[in-house]
Amino acid sequence: MNLDNLIVVFDNSLRTVFAPARAARVNPAADLPEAGLGEAEKREAEALMRVNHVGEVCAQALYQGQALTARNPEAKLALEQAAREETDHLAWCESRIHELGGRKSLLNPLWYAGSFALGAAAGVLGDKWNLGFLAETERQVEAHLDEHLRQLPEQDAKSRAIVEQMKADEIRHAQTAVHYGAAELPVPVKAAMRGMSMIMKRVAHRI
Ligand SMILES: [Fe+2]
Ligand SMILES: [Fe+2]
């Protein structure tokens, strides 16, 4: 990694973790009315959106690693487009957490560092595994967003609209990674990834 790349990585990590994210697209929840949520429902929605926000912090780190290591220029462009959509997700989750009166995970620097290390490790193995790791991550995120759509309060249309749009984007991101030659990861690796994200979700639900 040269010095320029190092600076980009450093800049992106600080912005992701400490600065408010800025979306390029309109927030899908913008025109929807705020539901009259009870206190318990509000706390649950907030916790779920914090978990989603952590997922998006990790996505920033992963895509950052991808953009640096991808060798195929077309794949690189497609990954950069996906990364911009991940920034929208980051911003939308963040604004929803604020609307619900919550706060972001205190462990975001740790989540970012962990994902970046994983992404960089996958990058060392070459495009096919790099993209394979990305595709599997996106699929697991999609499954987890589905779970959240079941758990979010039924009347919380704002949170649901954000999660729905994220889900549609993640499905597309996985397809993009496959299109550019993602390898299918070995079953034990997929299981390890699921185990790790389970721990992350439990922790981020509270902290
Ligand atoms: Fe995302
Ligand atoms: Fe994604």
Charge sum, other residues only, whose C-beta stays under 15 Å from SER197's C-beta, Lys/Arg counted +1 and Asp/Glu -1: -1
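Just need the Rg to Rh number for the range 89-207, please, alpha carbons only, Kirkwood Rh.
For the range 89-207, the value is 0.98.
Give me the 1.4 Å probe accessible area per residue for the chain, excluding ligands and nucleic acids, in Å².
I get 50 Å² per residue for this part.
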Probe 1.4 Å - accessible area at ARG103, Å² to nearest ten: 100
Helix-only CD estimate at 222 nm, as mean residue ellipticity for the chain, using -39500 (n - 2.57) per DSSP H run (n ≥ 4): -27000 deg cm²/dmol
Separation between Cα centres of the range 148-207 and the range 69-85, rounded to whole Å: 20
Vicinal HN-Hα couplings computed from phi for the range 5-14 (Karplus, 6.51 cos²θ - 1.76 cosθ + 1.60; Hz; Gly/Pro x): 4, 4, 5, 4, 4, 4, 4, 5, 5, 5
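Report the calculated FRET efficiency for VAL203 and LYS128 (r = Cβ-Cβ distance, R0 = 41 Å), to the nearest 0.05.
With a Förster radius of 41 Å, E is 0.85.
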Which of MET166, MET193 is most accessible, then next, and so on - probe 1.4 Å: MET193, MET166
Using θ = phi - 60° and Karplus 6.51 cos²θ - 1.76 cosθ + 1.60, couplings along the range 117-124 (whole Hz; Gly, Pro as x): 4, 5, x, 5, 4, 5, x, 4
Of all accessible heavy-atom area on the range 1-155, the percent that carbon and sulfur account for (1.4 Å): 61
Listed pairs LYS128/LYS158; LYS76/LYS158; LYS167/LYS190; LYS76/LYS167; LYS167/LYS201; LYS42/LYS76 exceeding 28 Å between Cα atoms: LYS128/LYS158; LYS76/LYS158; LYS42/LYS76
Amide H within-cut-off set for ASN27, under 5 Å, with H built and near neighbours excluded: none
Cα gyration tensor shape of the range 21-60, rounded if a/c is under 1.5, else prolate or oblate by comparing a/b with b/c: oblate
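The values are calculated or read from the model by the stated rules, or taken from the named source; none is laboratory data. Quick caveat: nothing in here was measured; it's all calculated off a predicted structure. Methodologically, a virtual Cβ is constructed for each residue, glycine included, from the backbone with ideal geometry; neighbour enumeration extends over all protein chains shown. To get the accessible areas, we keep the full protein, side chains included, count just its heavy atoms, and leave off ligands, DNA and RNA. Shrake-Rupley method; radii C 1.70, N 1.55, O 1.52, S 1.80 Å.
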